[in-house]
1. Given the C-alpha atoms of the range 95-211, compute the convex hull and give its volume per residue in Å³.
2. Using a 4.7 Å Cβ cut-off, which Cys residues in the chain lack a partner cysteine?
3. Only counting other Cβ atoms within 10 Å, I'd like HIS19, HIS299, HIS390 sorted with the fewest neighbours first.
4. Dividing the Cα radius of gyration by the Kirkwood radius, what Rg/Rh value follows for the range 181-431?
5. On full extension of the chain, what length is gained from ASP348 through LEU312, given 0.36 nm per residue of separation minus the C-alpha to C-alpha distance?
6. For the range 98-177 and the range 285-310, what is the separation of their C-alpha centers, rounded to whole Å?
7. Rounded to a whole number, what is D in µm²/s for the chain from Stokes-Einstein with the Kirkwood radius over alpha-carbon pairs (4 °C, 1.567 mPa s)?
8. So how many Å³ per residue does the convex hull of the Cα atoms of the range 2-160 work out to?
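A short reminder: the numbers here are calculations on the coordinates, not readings from a lab. Predicted, not measured: the structure shown is a model, and the values here were computed from it. Cβ placement follows ideal geometry from the backbone for every residue including glycine, while neighbour counts extend to all protein chains displayed.
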Amino acid sequence: MNILLIKPYWPYPYGKGEHTYNRIWPPLSLANCAAILEQRGHDVRILDAHAERIKPSKIQSYVKGYDKVFITSSSLDRWQCPNISMDTFFETVDNIREVTDELYVMGYHGTVNSREILERTQTRAVIRGGPEYIVDDICAGKEFSDITGITYYQDNVIMSTIDRGNFELTDLPVPAFHLLDVKKYFYEILGKNFMLFELGRGCNFGCKFCNKIMYEPRLRVKTPEQICEEVRVAVEEHGVRTAYFMDLEFLHYRSAVSALCDFLIEKDYNFKWCCQTRADSVDAEILAKMKQAGCQLIHVGVESGTRKYLDLTNKNISPEQIKAGVELCREAGIKTLAFYMYGLKDEDKTDREETFQFAKDLNTNFVSFHKVYPYLDANVYLKDLKTNKHIDRYIRKSYFRYYLRPSYLRSSNMLTLMRSAQLFMGRLITLI
């Protein structure tokens, strides 16, 4: 069977009015699906229309001749922070449906609003949750009623099977890196020839703002041998030079991280990487090993500089712990990027200013200011979602005030300044 897996085009770096950074990052979830399908003997292709910059109006010529076509509204790097505007996605789907009826949708939006997405797209089925083995079942020709985790039409009536539940990540083969053009992917801070990896899925912390529906219901982890083999294949066979370990909480898997670092230190690759972890998860010992293994950057979800909002969101961390963790990263020679949120419940100008002052005091190498969206409780692409333009204006002002500080400019080297400018200017475009 000939199968096409699609990541659609999105505006880059941001859509107008969006806070979702549409990075040119590889669709790891599609590479996982492709690896499984190839094991079953199928002929598979991944079309990354986002990386190729193939707009919806040009998609039709790429999808002809396939037995089944799958399109994701959010590949793995967008599971936690999916797009708000769905216009380009729906336009892409509409154009594909003029060519083939064998079209299936997967991703965050269909997981939380399967009926609405099915009605709007009129596709064969909507896949809910982690897609890998559901795609496998569909391509194996199983009856829809026997496939868990899908929503579909039966005699013009919408039917939904029970949720799939989790599979073990240890069952996954090495992702189909050979179906991705590594040279097209990059992360502005790290560089080119970029790839995503994951040690595990899920998070045991209970932050109220976090969108974890694609990861539920429990934490799962790969074996150290498995992740080391994935990195080996990507680096040695496909020329990967930079990467992001796309885990919600990287140091959940401390023993696996330690084994991965030992592997990378032994191999001594030309390989730079980053990860995301909590500020209170780090310590000098693990940071020293990560640095030696090539870690250049750590993403830290600070969210707020006030104890009130850290408690309200169930972040379960104090401002003092955040400061201590960032300082440990600084001492280890690892750069940090801090994420902040504006627009939390009952937040006023004083609260926002306190968070900004905390960001200045923390003085991470990079910052990312975001507006809160109710991912779990609302249809995230509803047109009547409040725009809160005053928050947009405050975010825009915050970027100027942070990156143009004389103290920041004096303390940053030229490479850091160039990379922060890329992130800073790209973000401002959508806030004007």
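1. Once divided by residue count, the hull of the range 95-211 is 186 Å³.
2. So, CYS33, CYS81, CYS139, CYS203, CYS228, CYS261, CYS274, CYS275, CYS295, CYS329.
3. In order of increasing Cβ crowding within 10 Å: HIS390, HIS299, HIS19.
4. 0.96
5. In short, 11.5 nm is gained.
6. Centre-to-centre (Cα) distance: 36 Å.
7. My calculation gives 58 µm²/s for D.
8. Hull volume normalised by residue count: 101 Å³.
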